[in-house]
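Q: Before anything else, here's the structure in question.
The values are calculated or read from the model by the stated rules, or taken from the named source; none is laboratory data. Keep in mind that what you see is a predicted model, and the values were worked out from it rather than measured. So basically every Cβ, Gly included, is an ideal-geometry build from the backbone, and we count neighbours across all protein chains shown.
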Amino acid sequence: MVVQGDCCDEADFNKPSELTFRFLSGGCAEDDNSQVPIGKASCNGGVTGPGPYSYTAADGNNVFQTGTISLGDVFTIIDGGSQLPNPTTISIDGGQEIIEIHTSCSAPLIPGERYGSLELLSMVDGDGTECGDPCPDPILTGNTEQCLENTANFSLAFPEAGVSYVWDFGLDASPAGYTGQTPPPVTYSSIGWKEISVTQDGTCEKTLTIYVGECSCPVPIINYDPVCETLSTTFSTADLGDDYEYEWNFGAGATPATATGMGPHMVTYSVLGSATVTLDIERTCPPPIVPSGDCCEAGDPVEMSFIYVGTNIY
């Protein structure tokens, strides 16, 4: 999780009445927070397995909450009053790990920091003001525009060890899903909007919407009849579908010199020699075409050179 600012520095945030944690195991070796250097928090012992473990939350000897946690579980400590007792002590697995947290806001409370096996996610004060994110965000990334003929790649910027990530890659995806931190490349068999989702230990779903479109560039083909001087011939190309534009240049001595559209175009040449016929095809970019890079270009114009042999052009 991305470490955020100190909730106790927020002008509208009072002392917390709730603290939400995620259990990541690892024990006190993972302790990394802003309270320890100033002597406001402590951690002793440690659990290193996936659980399940029992836990208690207490004000001194007064236990006010009990429960069971396993690796990746998100849980909230609540005393029921306007603020949590200071300090609040959390004991895991019958005292195998004991965490003491200062809650009076005279010491920092920063979402994303570790208190032993626990990651602090968020908190709520007695007025209901929230700080942090009770649903940890691993930052799901990927290209929001995707070509149908290419593979799509998705990743997590901030995955957490011990968390189970379950992916769904959306309609007509192959593979359809995956479990783990690093998913394989994905291909799609249809165009359109796709919603990619990842859940964390069965909760806290994060989504990304992408558009899959046609980006392939067709190779223009020039069809023509044998050419003789002063006699007309025809040039044409295949119909590639909607949204394509065809621009012709028939070279030196041609009448007409240029044309647009698929054809057929009737052309005559007035002089002996050689002529280079150029066909440039481009595609406009309304959906479902993805307007990225050169996907709407047909590439370099096709050129065909016709060499005069006597009075004939081949």
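Q: Give me a count of the residues in the stretch 122-141 that are surrounded by fewer than 17 Cβ atoms within 10 Å (Cβ to Cβ) and in a loop (DSSP other than H, G, I, E, B).
A: 8
Q: What residue, of Glu205, Glu245, is within 30 Å of Ile139 (Cα to Cα), modelled with pLDDT of 75 or more and surrounded by fewer than 16 Cβ atoms within 10 Å (Cβ to Cβ)?
A: Answer to the selection: Glu205.
Q: Then there's this: Of all residues being under 19 Å from Asp9 (Cβ atoms), over 26 Å from the mean Cα position of the chain (by Cα) and not hydrophobic (A, V, I, L, M, F, W, C) in the stretch 113-127, which is modelled with the highest pLDDT? Just the residue, please.
A: Residue satisfying both the conditions and the ranking: Tyr115.
Q: Being small (Gly, Ala, Ser) and surrounded by 17 or more Cβ atoms within 10 Å (Cβ to Cβ) is the filter; apply it to the stretch 163-189 and report the residue that is farthest from Thr209 (Cα to Cα).
A: Looking at the filtered set, the residue picked out is Ala173.
Q: Within the set of pairs 6 or more residues apart or between chains, which connect a residue that is of a type in the set (Val, Ile, Thr) inside the stretch 94-118 to a residue that is surrounded by fewer than 19 Cβ atoms within 10 Å (Cβ to Cβ) and assigned to a loop (DSSP other than H, G, I, E, B) with Cβ atoms less than 6 Å apart?
A: Correct list of pairs: Thr103/Asn86; Ile110/Asp6; Ile110/Ser34.
Q: Does the stretch 86-100 contain at least one residue that is crowded, with 21+ Cβ neighbours inside 10 Å and part of a loop (DSSP other than H, G, I, E, B)?
A: No, because not a single residue in the stretch 86-100 is crowded, with 21+ Cβ neighbours inside 10 Å and part of a loop (DSSP other than H, G, I, E, B).
Q: Give the stretch 102-117 a look and list any residue that's small (Gly, Ala, Ser) and either closer than 10 Å to Lys40 by Cβ or surrounded by fewer than 24 Cβ atoms within 10 Å (Cβ to Cβ) (or both), or say none.
A: Residues satisfying the conditions are Ser104, Ser106, Ala107, Gly112.
Q: Okay, moving on. State all residues of the stretch 20-72 that are surrounded by 13 or more Cβ atoms within 10 Å (Cβ to Cβ) and of a type in the set (A, V, I, L, M); if no residue qualifies, say none.
A: Matches in the stretch 20-72: Leu24, Val36, Ala41, Val47, Ala57, Ala58, Ile69, Leu71.
For every residue, the table says whether it meets (1) at pLDDT 95 or above; (2) of a type outside the set (S, T, N, Q); (3) assigned to a loop (DSSP other than H, G, I, E, B); (4) on the phi > 0 side of the Ramachandran plot.
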| position | (1), (2), (3), (4) |
| --- | --- |
| Asn143 | no, no, yes, no |
| Glu149 | no, yes, yes, no |
| Pro184 | yes, yes, yes, no |
| Ser197 | yes, no, no, no |
